[in-house]
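One structure below.
The values are calculated or read from the model by the stated rules, or taken from the named source; none is laboratory data. Predicted model only: the values in this text are computed from it and were never measured. Note: ideal-geometry Cβ built from the backbone for every residue, glycine included; neighbour counts use all protein chains shown. All accessible areas refer to the heavy atoms of the entire protein, side chains included, with ligands and DNA or RNA removed. Shrake-Rupley method; radii C 1.70, N 1.55, O 1.52, S 1.80 Å.
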Amino acid sequence: MKKKILSGILLAAMALSLCACGSTEETAAEDEGTEETADADTSADASGEPTKMTLILRGGAYGESLEASLAPFEEEHNVDIEVMLMSFDDLHTGIALDAVNAEGTYDLCMVDGSWMAEFTENGVLANLSEMGYSFDDDIIPATTEICMVGEDIYLAPYYGNVTVMMYNKQLLEAAGYAPEDIDSFADIQDIAQKTREADASKNGFLIRGGSADNILSDFLPHLVVHGGWVVDENNQPTVDTPEFKAAMEDYLALYNVGGTLDKDDIVASVTAGETAMAQIWPGWYTPTADGPADYRTIPTKLTDDSEAVDAVALQGVWCIGIPNNAPHKDLALELLEYIMSPEVCTASIANNGVPCRYSSLLDEEILKDYPHLEQVCGALETGVYRPVIAEWTEFTNILGTEMDNVIQGTKTMDEALSYAQEQLEQLMAG
Amino acid sequence: MMKEKRTLQRNRAQAATARFGLGMLTPTMIVLIVMTAYPLISTFFYSFTDYNYLKGTDKASFVMLDNYTSLFQNGYFQQAVINTVVFTILAVVLEMVFGLAMAVFVNSLKKGQKIMRTLLLLPYLLPAVTVALSWRMMLSANYGIINQFLEGLGLPVFNWFMDTKTAFGTILVIDVWQNVPFVFLLLYASLQSVSESQYEAARIDGAGFLQQFVYVTLPNIKGSLALCALLRTIDTFRLFEKVNVLTGGGPAGTTSTITQFLYTYGIKSLDFGFGSAGAIVMTVLVLILSSFYIKRAMS
């Protein structure tokens, strides 16, 4: 009898569980109905409850500056916005994993330019042009290049991330240079060598280590100034070339009078006066007038006598877009327009934001407090983007790993670059 | 007639017992099928396709053994397998040695066993990511306490996670530090069940500490030792968080493990077909490693 009662209870528990699972669909359907209403009104539902929006953003100053500007929008539109701040890889995976769902979780997402090809080819992002969005003349034109496919806009450039040259003021002076004297990569080599010669415990230059993407991104400006690039006009790999090898030689020369560290250690080392120079992204460090370090645009000449190239600094603009399966698309567009408005962009500077607008970056009042933004503006006008190819993630994994092998001395340059070329050709051949 | 009735009753009772057994098993079976069998079969199936997550299953096609071929020909995968095997062997051996030493030591204490037990367990209670981040701060080349300490003593300092000479060893030390308490706990529990009379008999026979350890302690806890080694082997083989947070598999692939490889080349690039092939290979490797214990347990 006891056994029968126990079996009965177990069966009842299972039946209840199944009913509970089944009812989720109905609830979801009901929710969809509510959301449709919300979409139609682009405001809260009839009960007055705030509409829930979810944003997936890059952690650090990029997402945090955006998060800090949301309160007025929430109040005005009666919405409750949840912000998810992710690491670079987790953000990419998070957006991609949600993209296959019929109805997604995220209303707005932050996207790195290097994912653009992969996301647009697979319909992850909504066409903002079709939704009625357009750029105004105040946005720095170079920052919008990565946001478009043909004439169609898929992203808006939110955070002006472009590599700049960070330097320690004291060590630069000790090497006999003023910031405005850094005209070429030969000057960078000279400062690095002099710093190490003067004190063997100091680093002349720090290169970025860690993931393959970090290693490659840090190197790309050095490659550009040597006249090389990682792919040709047909997106075929070009890494086993004399230009690449020459750039790598110079890069190794810098490494030999410095070292390799990750971003937090790089900033700490330059500000502490342990290192003379390093390439950084503006989001890592905000200089102040009396601070120990500052940054300026990366020079566009290899030597003082050589001809300047058009653009050298690497653009890593963090853009914002709306997923194609966003639950509240219309409201998301309003939010995107709000975030991209000149007033909100300018206000974001107080929260370590770096807008892609001339009016914000060159505002006289702003420049009094943040003089470095003039340099950033110049860098944003001339930066280069990573190649727009869907295979970019795998591409960086292979090339970054082989470059690391050269830097660490586990492979010769010829071995590593020839292997990388072979692997990349296979990758691009599909 | 009576006999037939008894047989009928017995059959009914047997059928009821069987039904009850089946009823008790059903929830577990459902959970196993949904949570284990289905993902395993799906992964096996996808490992023969070129399934890219963003492109969807509709556009995936069968590529037969292509994923497995490129996996075994991939130099980075080969390096990851070697790293994983070496790391697993070293980590398990070190954890077993230190865990056993700690268990014997704490078990021999007359006072303060509870406090020692709690204190020694603390590293194991922390999440792996927290452990990794804490160690990253302590080992920072700039502001890390360990380099500052070494500098204070006039010793050379290292760039622990970015140098090919130190990165692998540093992660090994961190992993051993965190997981020794697990071994300690299991062996300590096992030591508690060893009868004191066996030690008394050994002492009467003139056995010293080492002889008692070899002839009394070890035979009594060999089952727990084997179980510990198995669990630690399986767990260490799947090492991911620490590597991903601290080195991302670098420098120059010296800390790359199989799971880190699968994450980089399968998950990050959303190439789930290739990733699935790697996952199947890893499952087979873990099964081979654990088969010795499983065979012993089954017999």
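Eigen-decomposition of the gyration tensor built on the alpha-carbon atoms of the protein assembly as shown gives equivalent ellipsoid semi-axes of 51, 38, 25 angstrom, largest listed first.
Counting only protein heavy atoms and using a 1.4 Å probe, the accessible area of B:Leu218 comes to about 50 Å². In this rough spin-label picture, where each label sits 7 Å from Cα along the Cβ direction, the A:Glu365-B:Leu287 distance is 6.9 nm. Residues A:Glu121, A:Glu130, A:Glu74, A:Glu415, sorted by accessible area with the largest first, give A:Glu130, A:Glu121, A:Glu415, A:Glu74 [1.4 Å probe; ligands and nucleic acids excluded].
How far, in nm, would the chain grow between B:Val173 and B:Leu218 when pulled straight, counting 0.36 nm per residue and subtracting the alpha carbon separation? Before the final figure, lay out the partial values.
Working: separation 45, 0.36 × 45 = 16.20 nm, distance 2.58 nm.
That works out to 13.6 nm of additional length.
Across segment B:1-91, the relative contact order, built from alpha-carbon pairs under 8 Å that are at least six residues apart, equals 14 percent.
Return the average number of partner chain Cβ atoms within 10 angstrom of each residue Cβ along peptide B:142-150.
Numbers: counts 12, 5, 1, 0, 0, 0, 0, 0, 0.
Mean partner-chain Cβ count within 10 Å for B:142-150: 2.
Counting only residues at least eight positions apart within a chain, or on another chain, the lysines with an alpha carbon under 28 Å from that of B:Lys242 are A:Lys263, A:Lys411, B:Lys165, B:Lys268.
Restricting to Cα pairs below 8 Å that are 6+ residues apart, what does the relative contact order work out to for chain B? Please round to a whole percent. Could you put the intermediate results ahead of the total?
Working: 301 pairs, mean separation 86.2, N = 299.
That works out to 29 percent.
Is there a simple number for the mean count of other chain Cβ atoms within 10 Å of the Cβ of residues in B:263-271, and what is it? If you can, show how the numbers build up before the last one.
Numbers: counts 2, 7, 4, 0, 4, 12, 12, 9, 3.
Neighbouring Cβ atoms belonging to other protein chains average 6 per residue here.
Contact order for segment A:135-290, expressed relative to its length and based on alpha carbon pairs under 8 Å spaced 6+ residues apart, stands at 33 percent. A simple spin-label model places pseudo-atoms 7 Å from Cα toward Cβ; at B:Leu133 and A:Ala71 they are separated by 2.5 nm.
To the nearest 10, the accessible area of A:His372 is 10 Å² with a 1.4 Å probe. Relative to the longest principal axis of chain A, what angle (0 to 90°, nearest 10) does the C-alpha long axis of helix A:373-382 take? Result, in degrees: 90. Peptide A:263-273 shows a mean partner chain C-beta count of 3 within 10 Å per residue C-beta.
Using R₀ = 41 Å, calculate the FRET efficiency as 1/(1 + (r/R₀)^6) where r is the Cβ-Cβ separation of B:Leu210 and B:Ile82; round to 0.05. It would help to have the intermediate numbers written out before the result.
Values: r = 36 Å, r/R0 = 0.88.
Using R0 = 41 Å, I get an efficiency of 0.70.
What fraction of the DSSP beta bridges in chain A is antiparallel, stated in percent and rounded to the nearest 5?
Rounded to the nearest five, the antiparallel share is 55 percent.
Within segment A:330-430, none of the trypsin sites (Lys or Arg not before Pro) combine a DSSP coil assignment with at most 16 other C-beta atoms in a 10 angstrom radius. Between the C-alpha center of segment A:391-409 and that of segment A:74-101 there is a gap of 29 Å. Here A:Lys52 is the anchor, and the lysines within straight C-alpha reach of less than 17 Å, apart from those fewer than 8 places off in the same chain, are A:Lys329. In the protein assembly as shown, a dipole from Cβ-located charges (positive for Lys and Arg, negative for Asp and Glu) runs towards its positive end, and of B:Val129, A:Thr410, B:Thr57 it is B:Val129 whose Cα lies farthest in that direction.
Using 1/(1 + (r/R0)^6) with R0 = 25 angstrom and r between the beta carbons of B:Phe240 and B:Ile89, what's the FRET efficiency to the nearest 0.05? Show your work: numbers first, answer last.
On the way: r = 18 Å, r/R0 = 0.72.
Efficiency computed from Cβ-Cβ geometry: 0.90.
You can think of it this way: the chain between A:Glu425 and A:Glu374 has 14.3 nm of extra reach, that is 0.36 nm per residue less the Cα-Cα gap. Computed over chain B with a Gaussian network model linking Cα atoms closer than 10 Å, the most mobile of B:Asn159, B:Asn142, B:Asn74 is B:Asn142.
For A:Asn214, the shell of other residues with beta-carbons less than 11 Å away shows a net charge of -2, using +1 for Lys and Arg and -1 for Asp and Glu. Taken about its Cα centre, segment A:69-156 carries a charge dipole of roughly 220 debye when the Cβ of each Lys and Arg holds +1 and the Cβ of each Asp and Glu holds -1.
Share of antiparallel DSSP beta bridges in the protein assembly as shown, in percent to the nearest 5? Write out the running numbers ahead of the final one.
Details: 22 of 40 bridges.
Percentage antiparallel, nearest 5: 55.
The accessible-area ordering, largest first, of the residues A:Ile320, A:Ile81 stands as A:Ile81, A:Ile320, per a 1.4 angstrom probe. Take the Cβ atoms of A:Met148 and A:Asp414, set R0 to 60 Å, and the FRET efficiency comes out at 0.95. Compute the angle between helix A:88-99 and the longest alpha-carbon principal axis of chain A, please, reported from 0 to 90 degrees and rounded to the nearest 10. The two axes meet at around 30 degrees.
With respect to chain A, whose longest principal axis is taken over its alpha-carbon atoms, helix A:329-339 is tilted by about 40°.
Ordered from highest to lowest accessible area with the whole protein assembly present and a 1.4 Å probe, A:Asp265, B:Asp58, B:Asp235 read as B:Asp58, B:Asp235, A:Asp265. Note on chain A: dipole from Cβ charges, positive end direction compared against A:Thr51, A:Tyr295, A:Ile207; the farthest Cα belongs to A:Ile207.
Put a plus charge on the Cβ of each Lys and Arg, a minus charge on the Cβ of each Asp and Glu, and nothing anywhere else: the dipole of segment B:75-298 about its Cα centre is then about 320 debye.
The orientation-averaged projected area of the convex hull spanned by the Cα atoms of segment B:2-46 comes to 3.9 nm². Within the assembled protein chains, the solvent-accessible surface assigned to B:Met116 is about 60 Å², based on a 1.4 Å probe.
Its DSSP H runs of at least 4 residues, each contributing -39,500 (n - 2.57), put the calculated 222 nm mean residue ellipticity of chain A at -14500 deg cm²/dmol, to the nearest 500. Counting only residues at least eight positions apart within a chain, or on another chain, the lysines with an alpha carbon under 23 Å from that of A:Lys301 are A:Lys169, A:Lys194, A:Lys245.
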